[in-house]
Amino acid sequence: ELKNVSFTYPGNDEPSLRNINMTIKPGEKIALVGYNGAGKTTLTNLLLRLYDVTDGEILIGGRNIKDETVYSHRNRFAAVFQDFKIFGATVGENVALQVEYDKDRVLEALKNAGFSKPLPKGTETIMLREFSDNGMSVSGGEEQKIAIARAFYKQCPYVILDEPSANLDPVSEYELNRTTAEAAKDRTVVFISHRLSTT
């Protein structure tokens, strides 16, 4: 629940968000749609405590998110942002974002994200060529699918998808929307877009 949430970036005179009130129920899928600069990403940054609200409060289960440690609070969320990064590591490490991971869960997450490029060494396939001449290069759209797979891999109640289909063609976008709805059926999803057609 967001109660009278306002936020002003440091150094700005005008707030980016003013008196936002919203309740999201468990398991609900909501979309924030609006033009660039409307404050959609700012709102998700506040949900994740990348910034703290200037006024008002954000509650989860009736408890102010500031009463949790930042680590335990963020651990409840999986998020995919527009400015994701792929690392010079294995595909499995890129999806799980850790060295130890469940290979089957990684493959399932990639499938749900629509990633279909053959992996010569399975989840041990090295990405990029920063540290290995044999590293696999992929298109921007395939990189985005790996980033989206991170949200499917992480087992948590809340998912934030900030323009997740920005680099995808229309068919891939449709498939992503379909698999996202199915894979996240038991999770609360906040979906951000400036295109109403995507939503």
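The values are calculated or read from the model by the stated rules, or taken from the named source; none is laboratory data. Bear in mind that the values here come from a model prediction, so they are computed numbers and not experimental data. We place every Cβ from the backbone using ideal geometry, glycine too, and count neighbours over all the protein chains shown. Note: accessible area is taken over every heavy atom of the protein model, side chains too, but ligands, DNA and RNA are not part of it. Shrake-Rupley method; radii C 1.70, N 1.55, O 1.52, S 1.80 Å.
Quick notes
- Residue match in segment 8-25 (condition: in contact with a strand residue (DSSP E or B) (Cβ under 7 Å, 6 or more places away or on another chain), touching a residue at least 60 places away in the same chain (Cβ under 8 Å) and open to solvent by less than 20 Å² (accessible area, probe 1.4 Å)): no
- Meets criteria (over 24 Å from G37 (Cα atoms) and open to solvent by less than 20 Å² (accessible area, probe 1.4 Å)) for A109: yes
- Within segment 71-89, the set of residues being open to solvent by less than 10 Å² (accessible area, probe 1.4 Å) and either under 16 Å from F152 (Cβ atoms) or modelled with pLDDT under 95 (or both) comprises A78, V80.
- Positions within segment 95-130 being of a type outside the set (A, V, I, L, M), over 17 Å from T180 (Cβ atoms) and outside any helix (DSSP H, G or I), in sequence order: Q98, E100, Y101, D102, K117, P118, P120, K121, T125, R129, E130
- Condition check for R49: modelled with pLDDT of 95 or more, of a type in the set (K, R) and open to solvent by less than 60 Å² (accessible area, probe 1.4 Å): yes
- Residue that is most open to solvent (accessible area, probe 1.4 Å) [pool: residues in segment 157-194 that are basic (K, R) and under 14 Å from I30 (Cα atoms)]: K185
- Summed over segment 131-164, residues that are among the aliphatic types (A, V, I, L, M), within 14 Å of V189 (Cβ to Cβ) and outside any helix (DSSP H, G or I) total 3.
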